[in-house]
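Please treat every number below as a calculation from the coordinates, not as lab data. The model shown is predicted, which means the values in this text are computed figures rather than measured ones. So basically every Cβ, Gly included, is an ideal-geometry build from the backbone, and we count neighbours across all protein chains shown.
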Amino acid sequence: MAKKSKIMRMHYVLLLILFSFFMGINIGGYFSIPSVIGNASQYSVSTEGYVPVQINVQGSDLVMSSDCRALRVTVSDTQALSIAYGLEKRVYDRPLTHDIMKDIFDNYELKVLSARVIFFENGIYFGDLVVQQGNKVLSIDSRPTDAIAIAVRYDIPVYFNQTLLEEHGTDTC
């Protein structure tokens, strides 16, 4: 029971953070506020320098592939499970964190526009999730696995920095 209680507390903290982000509340300066990209009527999702990747989960490995390049990254079991369930359009016994985030996005009329893996630094991949709220378009700094887990729930493409895929991926043809 203690484990379930801890998970529930983590979900509530995540909900508070997300709500704070979109309502413009800063929680003690500990969290990065999404950057406003611009006016929704002027925004188009730029894919220049990025390639769409197919997402596949094999055990605890996340495989991102495009044309003749693929990148295999070992992720946590929890992240792999969430991405796999999102790909399969399955719901776990209880909502997973990314299911809750999707519910929040849907209920607050937030439209997910894109998920991207942007750069690699100090052994860590960085990504973002681009979301539209009314007339604002926000770029939310995100772990790539979180952005991907949300993207697969919406059937939107995941984009990977083409240079990174060339440098870090393997030839599959």
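Neighbours of residue 138 by Cβ distance under 11 Å: Lys/Arg scored +1, Asp/Glu scored -1, total 0. What is the distance in Å between the Cα centroid of region 144-173 and that of region 48-78? So the separation of the two Cα centres works out to 6 Å. What does the C-alpha gyration tensor say about the overall shape of region 33-171? Classify as rounded when a/c is under 1.5, otherwise prolate if a/b is larger than b/c, or oblate. Oblate. Using the Cβ of residue 150 as centre and a radius below 10 Å, the other residues enclosed give a net charge of 0, where K and R count +1 and D and E count -1.
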